[in-house]
Structure formats: structure tokens, C-alpha cells
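Let me begin by presenting the structure, written as C-alpha cells, before commenting on it.
What follows is calculated from the coordinates using simple rules that are stated; it is not laboratory data. Predicted, not measured: the structure shown is a model, and the values here were computed from it. We place every Cβ from the backbone using ideal geometry, glycine too, and count neighbours over all the protein chains shown.
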Amino acid sequence: MTSLPEDRPQLIGDEDRDTAVRRLQEAYAAGHISREEMDERLGLALTARTRGDLAPALESLPEEAAPATSTIAVAGGRIKRRGAWRVPRTLKVGSAYGRVRLDLSRAVIEHPVVDIELEMGTGGASITVPRDAIVDIEGLATGWKDVRYKPRAPSGPGGPTIRISGTMGYGRLKVRHSWRRAAARR
């Protein structure tokens, strides 16, 4: 029996090449690289077969920004986020038949305003926000049950604003403030 070498080069696909081309075009447009350098790097990116071949084309480019919008969706089952997770600027959550539990009390919140867009069929949602957060639920349409939320006076300046919008079908949304102090903010 033959064993495979452990450091096989990782092959790349069209999506990797397309991402590299986009990053090179953005770097050129922002003035980070010259036209000649972009042409040379595009040649490397378009002929690359492995990650090692692609690396020189992307070397010294600015880091790619994290996406500002993330989507979590399930047909049935549960969606659960807690602990030290990074909250995007816009979080879209969709569930046809499940429960959603989002705990932002220890999450890393880098934006002063976070939009949470809920699209729920049946099943409830529970969102725990940081102690000093300001919550806006005006954009949420409920079908069957009202939202359970007691606004709390912020305990200090600088808390994020959490805007919750979307539709709740036959479930209920419960929003509560955490008792603990908020985690790291950037």
C-alpha cells in the first residue's frame, strides 16, 4: 500500500483565481500596485495551479476586509451562536421551523450599529444583547405573538445599537440584556 505525501500542493479552482484577479484589480484601482505590476501578477494568478503558485501574485497586497454581511439559514433545526464570536455589521438569520439563539453578551462587536434581520416561519428566537446595548425592534413584523423585551437604560456610554428587523411568523422573539459587562469592542 502506498501512502500519500503529507505536503501535497493544494490545487486551486476557478473561484480562487477569480478572487485573486478581483483583489489585484482592487489593489491597482487603489494605487497599491502599478499597471505593469498588475499585468505581471495577473499572469501569475491566471496560470497558477496550486496555492503556492498563487501566493507570489498576492504577496504584499493589503489584507482583504471581512465581509460586512453574514447569513445563517436552516430549514429546520437550531441556530445557536454564543461565546466570543465576531458579529458582522449585518447578520441575516433565516429559519423555517427551528429555534434561534443568539448571545451577543461575549461577542466581539466591531461596529457601533449591528443590524439583525430575522426571517422566521415557526419557532422562536432569543437574543441576548450586551448590558449597555440600545435595542431597536421597530423594523420587526410579528405574526402571531408579540415581542418580549423590556428596554433598559444604558449602564454606560458607548454601547452598540442593535437593530432587529424582518418577520416572525408563528414564533416569539425574546430580547434581554446581559447581566455581565460587554466583551472586547474594537
Which order results if 54, 102 are arranged by neighbouring Cβ count within 10 Å, fewest first? 54, 102
Number of Lys pairs (Cα under 15 Å; 8 or more positions apart or on different chains) in the chain: 4
What list of ³J(HN,Hα) couplings, whole Hz, do you get for region 141-151 from phi and the Karplus terms 6.51, -1.76, 1.60, once you set θ to phi - 60° and write x for glycine and proline? 9, 10, x, 10, 10, 6, 6, 9, 7, 10, x
Amide hydrogen neighbours beyond the local backbone of residue 50, cut-off 5 Å, H modeled: 12
Provide the FRET efficiency to the nearest 0.05 for the residue 119-residue 36 pair, computing r from the beta carbons and using R0 = 35 Å. 0.15
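Plugging the Kirkwood radius over Cα pairs into Stokes-Einstein for region 14-58, at a temperature of 37 °C and a viscosity of 0.692 mPa s, what D comes out in µm²/s?
Estimated via Stokes-Einstein, D reaches 322 µm²/s.
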Taking amide hydrogens as modeled 1.01 Å from N in the peptide plane, which residues meet the under 5 Å criterion relative to residue 135, leaving out close sequence neighbours? 162
So, counting K/R as plus one and D/E as minus one, what does the shell of residues with Cβ under 9 Å around residue 72 add up to? +2
Residue order, fewest to most surrounding Cβ atoms within 10 angstrom, among 168, 38: 38, 168
Extended-chain gain in nm, criterion 0.36 nm per residue less alpha-carbon gap, residue 134 and residue 25: 35.3 nm
Given the options 88, 56, 160, which has the most mean-square fluctuation in a GNM of the chain, springs set between C-alpha atoms less than 10 angstrom apart? 56
Run the simple label-point estimate for residue 72 and residue 148 please: 7 Å along Cα→C-beta, distance reported in nm. 2.0
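Can you give the Rg/Rh ratio of the chain, where Rg is from the C-alpha atoms and Rh is the Kirkwood radius?
Answer for the chain: 1.14.
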